[in-house]
């Protein structure tokens, strides 16, 4: 009787030990992580010039509680696909090959391809390190999916037309976070870029849209709290480019300078930092959060000064 009980205790202990230490997606694979979850929220066409004037209390609370720069520079041209690609791929367009506003495939041969036939990216790096990690991408603009290494993602989806359902992407993001508790999630809003093209950047309509988007960010934060992951998460809010007049793609600072805000677990309450930051440094910073070794072809640098 006693022998049987001892055997059961040993078996249970071994099972617990195996769960804790073994398996491709186990705690062991998460050694050195600064946080268990990263939520990257992108606002397409959000120029750094607008932050001070914008009514964005949720974003500004993240700024106050974390670290940020309003001088992160876009790669050229200062337009969408080339910059989202650089943000996800840790390199410049001369290396990853996506060079235009609407690039779906590289116009230049990518210097290196991963096993999925796309340039090495932050999603693939995390997948290799933690094969069972939930990784997702949700977006308004269909072009995002061509830059996201969809073969690596567990889930990717485009929101319904925001002109008919403006809260659609936020609704999807809230449900995804509550249900799946993703390790890495990208949530990329197509606004304020759309309003910038129709009404103009730095206009009342533009700031009204920023206020609306801030409300969606508040809902996403609330969903993280409801899911029980908020205290073990890092939130990044950033953009691909700014704009001037009703356009972008040029070389003015209104188009080139974008915000980068990072807040959450193990992030310093450091306020603004002056260190130079480029679009491709975003991928390197996320890689540092997950203790990932970045590929030799990447040129991004992690913003180590933001971490405790």
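The values are calculated or read from the model by the stated rules, or taken from the named source; none is laboratory data. If you're wondering where the values come from, they're calculated on a predicted model, not measured in any experiment. When we count neighbours, we look across all protein chains shown, and the Cβ atoms used for this are built from the backbone with ideal geometry, even at glycine.
Figures for the structure shown
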| quantity | calculated |
| --- | --- |
| The stretch 256-274: number of residues that are part of a strand (DSSP E or B) and surrounded by 14 or more Cβ atoms within 10 Å (Cβ to Cβ) | 9 |
| Answer residue from the stretch 275-284, given it is out of contact with any strand residue (DSSP E or B) (no Cβ under 7 Å at 6 or more places or on another chain) and not in a loop (DSSP other than H, G, I, E, B) and is nearest to residue 41 (Cα to Cα) among those | 283 |
| Matching entry among 108, 125, 153 (being touching a helix residue (DSSP H, G or I) at 6+ places or on another chain (Cβ under 9 Å) and within 16 Å of residue 292 (Cβ to Cβ)) | 125 |
| Qualifying strands (runs of 3 or more DSSP E) (wholly inside the stretch 120-199; at least 2 residues being surrounded by fewer than 22 Cβ atoms within 10 Å (Cβ to Cβ) and touching a strand residue (DSSP E or B) at 6+ places or on another chain (Cβ under 7 Å)) | 155-158 |
| Residue in the stretch 289-307 that is surrounded by the fewest Cβ atoms within 10 Å (Cβ to Cβ), counting only those that are in contact (Cβ under 8 Å) with a residue 40 or more places away in the chain and part of a helix (DSSP H, G or I) | 305 |
| Qualifying positions in the stretch 37-71 - more than 18 Å from residue 191 (Cβ to Cβ), in contact with a helix residue (DSSP H, G or I) (Cβ under 9 Å, 6 or more places away or on another chain) and in a loop (DSSP other than H, G, I, E, B) | 66 |
| Matching residues, the stretch 204-230, being surrounded by fewer than 16 Cβ atoms within 10 Å (Cβ to Cβ) and over 25 Å from residue 38 (Cα atoms) | 204, 205, 208 |
| Tally of residues being on the phi > 0 side of the Ramachandran plot and buried (at least 23 other Cβ atoms within 10 Å of the Cβ) across the stretch 244-255 | 0 |
| Count of the stretch 72-94 residues which are assigned to a loop (DSSP other than H, G, I, E, B) and closer than 14 Å to residue 110 by Cβ | 3 |
| Cross-chain or 6+ apart pairs with Cβ under 6 Å, the stretch 169-182 first and on the phi > 0 side of the Ramachandran plot, then buried (at least 17 other Cβ atoms within 10 Å of the Cβ) and in a loop (DSSP other than H, G, I, E, B) | 181/227; 181/229 |
| Qualifying residue in the stretch 30-52 (condition: surrounded by fewer than 23 Cβ atoms within 10 Å (Cβ to Cβ), at pLDDT below 95 and under 18 Å from residue 289 (Cα atoms)) | yes |
